[in-house]
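Please read the structure below before turning to the comments.
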Amino acid sequence: MKRSRRFATASLAALLVASAGATELVYTPVNPSFGGSPLNGAWLLGNAQAQDDHKDPDALDRSALSGSALERFTSQLESRLLSQMLSNIEQGKEGVLTTDDFIIHILNDELGNLTVNITDKLTGEVSEIIVNGYSDYR
């Protein structure tokens, strides 16, 4: 009996000593809008978007805007040809690129000016871009 009483007293003392080392709980917000770490913002947004199953009826359908594979290929090819023409200007070569919508004429005159004339085939409107001193940068 004395042994069990000693054990109970020792257990109670150990329990009191262990609880004396505890500290109070402090709330730390997670959301950066309410004082949490700004590093949590992207994670919270990602989780919210992953759970969002509502679709905006007024939103644009991005898949319809991308066009067909042929249209994307044509666009990339035109971009590549235009880039090649601009690279050829450094070697003194002029160039003309005709697309479905535009005629683009690139030339480098004797004064060192790079001139790009863009003609809209539909309206006939001409836009001219002149870069002065282009030859100084070669």
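Considered as a group, the residues in the range 109-133 that are at pLDDT below 90 and of a type in the set (Asp, Glu) include one that is farthest from residue 85 (Cα to Cα), and that residue is 110. All conditions but one from (1) charged (D, E, K, R); (2) farther than 29 Å from residue 123 by Cβ; (3) part of a helix (DSSP H, G or I); (4) at pLDDT 85 or above apply to residue 78; the one that does not is (2). At least 3 residues being more than 26 Å from residue 73 (Cα to Cα) and in contact with a Gly (Cβ under 6 Å, 6 or more places away or on another chain) is the threshold, and among the strands (runs of 3 or more DSSP E) wholly inside the range 96-137 not one reaches it.
Just to be sure I understand, how many residues within the range 94-105 are in contact with a Ser or Thr (Cβ under 9 Å, 6 or more places away or on another chain) and exposed (fewer than 14 other Cβ atoms within 10 Å of the Cβ)?
Looking only at that region, the number is 1.
The values are calculated or read from the model by the stated rules, or taken from the named source; none is laboratory data. Every value quoted in this text rests on a predicted model; they were computed, and no experiment measured them. Backbone-built Cβ (ideal geometry, glycine too); neighbour counts: all protein chains shown.
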